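Working notes, structure below.
A short reminder: the numbers here are calculations on the coordinates, not readings from a lab. Because the structure is a prediction, the values reported are computed rather than measured. Positions of Cβ are generated from backbone atoms using ideal geometry, with glycine treated the same way; all protein chains shown enter the neighbour counts.
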Amino acid sequence: MTLVKVQNIMSNELAKRVFISKPPEPPASYILNDPTNSIFIGLTKIFRVPFTWTFANITNPHIAIVGITGAGKSFLVKTFLIRASYVWKANAIIIDWAGEYKAWVKQSGGTIVSLGKGDYLNIMDLIGIKPLDRVKQIMNSLEILTDIGDYPEQRRLTQEAIEQAYVNAGFNLSQPPDPSKEAPTLNNAIALLQEKLQEGTYEYPAELENAIYRLRQFVREGEDYFARKSTIDLGKLASSGLVDIDLSGLPDETFRALAALFILQSLKEKMRIEGWSASKGIKAIVVLDEAWKIAGDERSDAVTIVREGRKYQFALIVASQNPTDINEAIFSNVGTNIILRVKFERFMSYLQDSLNFSEFIRGEISKFGVGQAAVDMSFQTSVKFPEIFLLEKVIGEVPLDVYTLVIKDILTQEELKNPEISTEYYFEKISLKSKLIDVNVPNEAIDKLFASLDSQDRTIDVKSFASLLMSYGVEKENLISFFRYLGIEDVIITRIFAG
Ligand SMILES: Nc1ncnc2c1ncn2[C@@H]1O[C@H](COP(=O)(O)OP(=O)(O)OP(=O)(O)O)[C@@H](O)[C@H]1O
Ligand SMILES: [Mg+2]
């Protein structure tokens, strides 16, 4: 009798103690927030508590999202933006590398800015920023994107010419700009360098020539996207509702990265001038999806913004398939990390080292399906529970066009059990389309493919997928690139094409 009782007490005590020292999820008071000041994301896996995200109790509003292709990054971003616009009337600016968000933004009544297809940005625009600060930013972007950092004399000449172009246009370098004056363009800076070269008095003409050559790549006939009068009012970008900045029309990654860096810098400066205040909430959300080129570099504003935390009235969302493409400072400084399905062990180890989660969490992440996630939040006050927890699934707006590519039929028993190998891939129509375009599948073949998919539940096994596209004249090589891009291993790809 007594013994049983004692045992009861002990096991209760024990249960309590285990619970207190190691609760599996943060207490509901941290997860479930005031609905008028937070947005719903999904239910937690263990206690099914509705997780509602708010920037109020975390170190900063910035968010990093990682996950393999099809894991649900863009779906989460869209859900997030829509709800943030309801709750906070937050504006959103999507820096859209592949034109992936265009259709959705159009459908949602937002604005599309198509750089390289009719829209221009003058990277010397000031929008309230002192010319000297703008010059620093332009030089910083050139250092990230070109080799100018290796040539101090060329760097000096370039900077001097850009400064002089502002002076010639009537600006005082260290004063806030007169809004009635028009900003010069890179063409003006190049002209100054050319004049200097023609004068023939400068000791190192080769340095001048190289400096001119480097800047010219941004003003070439037909490629002068950044050297003409802007067609977008950057000063209004953060108050224009939902804006998609489609960079897919620019000629290459350098151009795209330059545009992205410039937009980030402009938003940052604009918001810095306006000053931060807690009562203003979140004015804008800036999305960088797959922005590997500018999220990886230490000197990038993506890193600065995250490091500087709450200073700006906007939240930066950085999403990537490959966490090693994102600077470690971003993972360790964002207020919220969201990990969707991750496949490769080395990516997982990178995340585990950066975020310091348990083997249990690692194991769970490796079993994730579409939309399942681990959330790691950095609370402002120090807490006695693990800051990472699992979400059963991101519950979002109903997907519009999901296409499923089924792999499992060609996998071995062994492979089916391996969590690193996907059995199915899910695509939004626009994202599947842009991936096929990336590997040079012609438009007619893509249209035929979708017509066929739409007549069969939008689901197809990978063998039929390949033979269908080949029957439309698509090269096997291009299909191989596509499958590799999805992360399918060569041994498995070989089976797709086997008899
Ligand atoms: N939580 C979810 N609930 C229901 N459907 C989802 C969820 N997350 C993603 N999906 C669907 O899965 C598909 C792939 O998702 P999404 O496009 O967001 O992937 P992604 O991670 O952005 O991939 P990529 O890296 O290729 O851009 C989409 O069709 C989307 O609608
Ligand atoms: Mg995506």
Surface/4 estimate of mean projected area, convex hull on alpha-carbon atoms of the chain, nm² | 29.7
Relative contact order computed over the chain (Cα-Cα under 8 Å; 6+ residues apart), in percent | 21
May I ask you to sort TYR202, TYR225 by Cβ crowding, counting other Cβ atoms within 10 Å and putting the fewest first?
-> TYR202, TYR225
Any of LYS367/LYS435; LYS435/LYS476; LYS45/LYS367 with alpha carbons more than 18 Å apart? Name them for me.
-> LYS367/LYS435
Mean 1/r over all different Cα pairs, inverted: what Kirkwood radius does segment 131-216 give, in Å?
-> 13.3
Charge-dipole axis of the chain as Lys and Arg at +1 and Asp and Glu at -1 on Cβ define it, positive-most pick from ILE123, TYR202, ILE294 | ILE294
Alpha carbon convex hull of segment 377-457, volume per residue in cubic angstrom = 191
Over the Cα atoms of segment 180-279, compute the convex hull volume and normalise it per residue, giving Å³.
-> 161
Charges only on Cβ, +1 for Lys and Arg, -1 for Asp and Glu: so what's the dipole of segment 402-497 about the Cα centre, in debye to the nearest 20?
-> 120
So what's segment 49-154 giving for Rg/Rh, alpha carbon basis, Kirkwood Rh from the mean inverse pair distance?
-> 1.04
Which semi-axes, in whole Å and largest first, does the equivalent ellipsoid of segment 402-497 have when worked out from the alpha carbon gyration tensor as the square roots of 5 times its eigenvalues?
-> 21, 15, 12
Magnitude of the Cβ-charge dipole of the chain, K/R +1 and D/E -1, about the Cα centre, nearest 20 debye?
-> 1940
Among TYR312, TYR151, TYR30, which comes first, then next, by fewest other beta-carbon atoms within 10 Å?
-> TYR151, TYR30, TYR312
GluC sites (Glu not before Pro) within segment 290-354: DSSP coil, no more than 13 neighbouring Cβ in 10 Å | GLU298
Arrange the following residues from fewest to most other Cβ atoms within 10 Å of their Cβ: PHE385, PHE465.
-> PHE385, PHE465
So what is the 222 nm mean residue ellipticity for the chain from helices alone, if each DSSP H run of at least 4 adds -39500 (n - 2.57) and you divide by all residues, rounding to the nearest 500 deg cm²/dmol?
-> -13000 deg cm²/dmol
Segment 364-499, relative contact order [Cα under 8 Å, separation at least 6], % = 21
